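Trainee: If you scroll down you'll find the structure; I have some questions about it.
Read-outs throughout are calculated quantities, based only on the coordinates presented, and are distinct from any laboratory measurement. Quick caveat, the model's predicted, so the values are computed rather than measured. Positions of Cβ are generated from backbone atoms using ideal geometry, with glycine treated the same way; all protein chains shown enter the neighbour counts.
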Amino acid sequence: MRKKKISWLVVAAMLMGLLSACSGNNESGGQPAATSGSGDSGGGQEKVTIEFWHSLGGKNGEYMDALIKRFNDSHENINVVGTFQGGYDETVTKLQQAISAKTAPDISMVERAYVQLFADSEVLEDLTPYMDGSGMSADDFTQGLLGHSFFNDQLVSLPLNRSTPILHVNKTMLTEAGLEVPTTWEEMKTAANALVVKEGDEFKRYGLSMPYDTWYPIALISQAQGTFFNDDNTSIGFMDNGVGEKVFGYLKDLQSTGALYYPPAQDSGNIVNQMFLEGKIGMMFQSTGTIGRLLESVEFEYVTAFLPKEAVFANPTGGANVAMLSGSGHKEEAWEFIRYMMEEPDGAQQFILDSGYLPFTTKMVESEPMKELWAKEPNRKVAYDQLEYAIDTNKDVSWPEVMHEFFSAIEAIMYDSSDIKATLDTFRKEAERILAE
């Protein structure tokens, strides 16, 4: 079953490419022998090259390149080569192919929902001995972000560029309309409709938008106290209680009045971000990872807020973890790079300060630079505070294949206005077939 699902994933990821060629060491061996501090890895040693694959392009890719340069400059015997492999799905596809060809990198970023697939295939290194050797513990990490780190009694990945969806708001626009930042679905519906500007048959401004993704419907499902999978992961959990119809009915009601602009699937994140910056939408559901870029460009009062609640506040987490491939021939050096990112102020902490992703260790959260940034730019702290309500209900090794079917349902409803109940019923049947395999 594992081989079947993973080979399917290669095909599906190539077909989807929805979430926005290198070779590495494939020798076996290498013992856990962690380095406890920054600096070189020992005088007189031959320089070791570590291959690191990631999925960060644009500005965030520049921040990652800077992190890698800081590491290389401080480690004379280790050279990390970071390579952008495309979006999350594309990286997964290339990683699968590289593992089969025995040309996998030493370290890779893996979108958090895919970690279980690789863990079940036993191609990820157990990081527990390395953590122990470095005096590190799982207790050092933000607990809301460790849900995709432990599988089969092993610690196979650690948080890196982690995020949650939050509400991004053009506060200037809301203030001009005499509105407050919404905290509930009903308030959001009122505000989104009030912001609509229509001239003839053309909408000049929409109230709300969100990228084409499963992330945002899952957030809404959780806020309505639904779950994606049922308790034993044999079916879809949000169907029997009517939550699915409520969520998509809400979205379609907003869409019908221009209160919601639902973007095309291709490049939807960039489209929504640009519309927000241009004042063509007043609010958007979007990742916390966009905060840094938006702050550099906005020309209005910009604030962030918790995703509005229906019955409860709730939000999924997203982004990627970092994992060491078990086939790496330089595990000690690979771990030193991971440790540097986790522990050193110039590692992922600086990357997070630059980008707006979530701080994932207590040390980062309590650091003076983070406290100063949050005091100066409170928008960045909202996502961290919202972790109190973080919930991931789509955890299953079959999730990538089920996700493909969920995208089909979203497309049918949001683009083609297909009947909501009939579409979700079809989706549930397909999901049950996949889960039963």
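Trainee: Kindly provide the pair-distance distribution of the stretch 47-165 built from C-alpha pairs, with 10 Å bins from 0 and whole-percent values in order of increasing distance.
Mentor: 12, 39, 41, 8, 0
Trainee: With a/c under 1.5 counting as rounded, go ahead and sort the stretch 285-437 into rounded, prolate or oblate using the C-alpha gyration tensor (a ≥ b ≥ c being the square roots of the eigenvalues; past the cut-off, prolate if a/b is larger than b/c, else oblate).
Mentor: Oblate, because a/c is 1.5 or more while a/b does not exceed b/c.
Trainee: State the Cα centre-to-centre distance between the stretch 301-327 and the stretch 89-124 in whole Å.
Mentor: When both Cα centres are located, 22 Å separates them.
Trainee: If you filter the stretch 80-130 for trypsin sites (Lys or Arg not before Pro), then keep DSSP loop positions with at most 13 other Cβ within 10 Å, what is left?
Mentor: Here the sparse-neighbourhood loop sites are K102.
Trainee: Can you tell me the length gained on complete extension of the stretch K376 to E202, counting 0.36 nm per residue apart and subtracting the Cα distance?
Mentor: 58.7 nm
Trainee: Under 12 Å from a label point 7 Å along Cα→Cβ of N152: give me every residue in the stretch 102-132 with its amide N that close.
Mentor: From the stretch 102-132, the list is 116-126.
Trainee: Just in the stretch 128-224: which chymotrypsin sites (Phe, Trp or Tyr not before Pro) are loop by DSSP and have at most 10 other Cβ atoms within 10 Å?
Mentor: Here no loop site has a sparse enough neighbourhood.
Trainee: Can you list the residues, at least 5 places off or on another chain, whose amide H is less than 5 Å from the amide H of Q286, using H built in the peptide plane?
Mentor: Under 5 Å from the amide H of Q286: I166, H168.
Trainee: A further question on this structure: Identify the GluC sites (Glu not before Pro) of the stretch 361-394 meeting these criteria: DSSP loop state and at most 13 other C-beta atoms within 10 Å of the C-beta.
Mentor: On the way: sites: E366, E372, E388; in loops: E366.
Sites meeting the loop and neighbour criteria: E366.
Trainee: What length, rounded to one decimal in nm, is gained on full extension from N193 through to E388, with 0.36 nm per residue of separation minus their alpha-carbon distance?
Mentor: Result for the pair: 67.3 nm of gain on full extension.
Trainee: Here's something else I'd like to know. Go through the stretch 248-262 residue by residue and turn each phi into a ³J(HN,Hα) via Karplus (6.51, -1.76, 1.60, θ = phi - 60°); whole Hz please, and just put x for glycine and proline.
Mentor: 6, x, 4, 5, 5, 4, 5, 5, 5, 9, x, 5, 10, 9, 9
Trainee: If each residue of separation counts as 0.36 nm, what is the full-extension length gain between V303 and T183 once their alpha-carbon separation is subtracted? The partial results should precede the final answer.
Mentor: Values: separation 120, 0.36 × 120 = 43.20 nm, distance 1.33 nm.
Taking 0.36 nm per residue and subtracting the Cα distance, the gain is 41.9 nm.
Trainee: Moving on. Let a ≥ b ≥ c be the square roots of the eigenvalues of the Cα gyration tensor of the stretch 214-313; is it rounded (a/c under 1.5), or, if not, prolate (a/b larger than b/c) or oblate?
Mentor: Prolate.
Trainee: Follow-up question, since we're still on this one. Take the Cβ-Cβ distance between A422 and Q97 as r, set R0 to 35 Å, and report the resulting FRET efficiency rounded to the nearest 0.05.
Mentor: Once rounded, the FRET efficiency stands at 0.40.
Trainee: While we're looking at this one, here's another question. Counting only C-alpha contacts under 8 Å and six or more residues apart, can you give the relative contact order of the stretch 328-437 as a whole percent?
Mentor: 14 percent
Trainee: Once phi is turned into ³J(HN,Hα) by the Karplus curve 6.51 cos²θ - 1.76 cosθ + 1.60 with θ = phi - 60°, what whole-Hz value does each residue of the stretch 357-371 show in order, with x for glycine and proline?
Mentor: 5, 7, x, 10, 10, 4, 4, 5, 4, 8, 6, 4, x, 5, 4
Trainee: Name the residue farthest towards the positive end of the dipole of the stretch 60-135 from the options V110, L67, T128, assuming +1 on Cβ of Lys and Arg, -1 on Cβ of Asp and Glu, about the Cα centre.
Mentor: L67
Trainee: To the nearest 0.05, how large is the calculated FRET efficiency for N270 and D132 if R₀ is 41 Å and r is the Cβ-Cβ distance?
Mentor: The formula returns an efficiency of 0.45 here.
Trainee: If amide H atoms are built 1.01 Å from N in the plane of the peptide, which residues on other chains or at least 5 residues away come under 5 Å of the amide H of F151?
Mentor: HN-HN under 5 Å from F151: V156.
Trainee: Filter K171/K381; K280/K381; K59/K171; K252/K421; K246/K309 down to the pairs with a C-alpha to C-alpha distance above 23 Å, please.
Mentor: Working: K171/K381 17 Å; K280/K381 26 Å; K59/K171 25 Å; K252/K421 13 Å; K246/K309 13 Å.
Over 23 Å Cα-Cα: K280/K381; K59/K171.
Trainee: Then there is this: Can you bin the stretch 307-389 into rounded, prolate or oblate? Criterion: square roots of the alpha carbon gyration tensor eigenvalues sorted a ≥ b ≥ c, rounded for a/c under 1.5, prolate for a/b above b/c, oblate for the rest.
Mentor: Numbers: a/c = 3.39, a/b = 1.56, b/c = 2.17.
Verdict is oblate for the stretch 307-389.
Trainee: Each residue of the stretch 184-191 in turn: what ³J(HN,Hα) in whole Hz from Karplus with 6.51, -1.76, 1.60 and θ = phi - 60°, glycine and Pro shown as x?
Mentor: With coefficients 6.51, -1.76 and 1.60, one gets 10, 4, 5, 5, 5, 5, 4, 5 Hz.
Trainee: Calculate the FRET efficiency for E122 and K395 from the Cβ-Cβ distance with a Förster distance of 22 Å, rounded to the nearest 0.05.
Mentor: E between E122 and K395, to the nearest 0.05, is 0.70.
Trainee: Which value at 222 nm does the chain reach when only helices count, each DSSP H run of 4 or more adding -39,500 (n - 2.57), with the total divided by all residues and rounded to the nearest 500 deg cm²/dmol? All intermediate terms of the calculation are to be shown ahead of the outcome.
Mentor: On the way: 18 runs with 188 residues, N = 437.
Per the formula, -13000 deg cm²/dmol.
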